[in-house]
Amino acid sequence: MISKMRKLIISLVCTFPVIAFANIEEGVGYWAVKCGGFGGSVEIESSNEAKVNINDNSLYISGIIQEDHNGQLKLFYKDVIETMNETIDWAVISQSKPIADIIFKNGVMHMEWKGFFDTKHNNYIWKSEPDFVVASGDRLNVEMNRCEF
């Protein structure tokens, strides 16, 4: 009995990371609306960590990308790396509500930006202010290209 349970646990531990991170590998790299120019960026690491330049020289965060039960990639806020932004109260920003949905299609990253979820006011904030939203013509569905430097 213990042997079967041990095999099941080992199987789950070994299989879960493959399932959870299945679609992230194709997205590893540096993504931007305009490579080398204005428009913010998303840098995705193979560990499913992301660094997001929301506003140049003003707001830079870390995030985590997770795949939901439908296979959809979700970007979650993790922490502030650097900020000059005094408008957002980071103590009430959710780490469990996604800030964006991500799809990779034909070599392009499609990011549906939601904003930061304010748990105090129960709504998303900073929806239209990010540089990548502005650089995309104020569209919340942002298309980013992989940048090679």
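Structure above, values below:
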{"quantity": "Test item: Cα-centred dipole of region 23-147, Lys/Arg +1 and Asp/Glu -1 on Cβ, debye", "calculated": "220"}
{"quantity": "Ordering of 44-51, 64-71 by burial proxy (mean other Cβ atoms within 10 Å per residue, highest first)", "calculated": "44-51, 64-71"}
{"quantity": "Assigned charges on the beta-carbon of Lys, Arg, Asp, Glu; region 83-144 dipole about Cα centre (debye)", "calculated": "220"}
{"quantity": "Potential extension, LYS97-ASN85 segment - 0.36 nm per residue separation minus Cα distance", "calculated": "2.3 nm"}
{"quantity": "Fewest-first ranking of THR87, THR119, using other Cβ atoms within 10 Å as the exposure measure", "calculated": "THR87, THR119"}
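Throughout, read-outs are computed from the coordinates displayed, never taken from laboratory work. In this text, all values refer to a predicted model and were calculated from it rather than measured experimentally. Methodologically, a virtual Cβ is constructed for each residue, glycine included, from the backbone with ideal geometry; neighbour enumeration extends over all protein chains shown.
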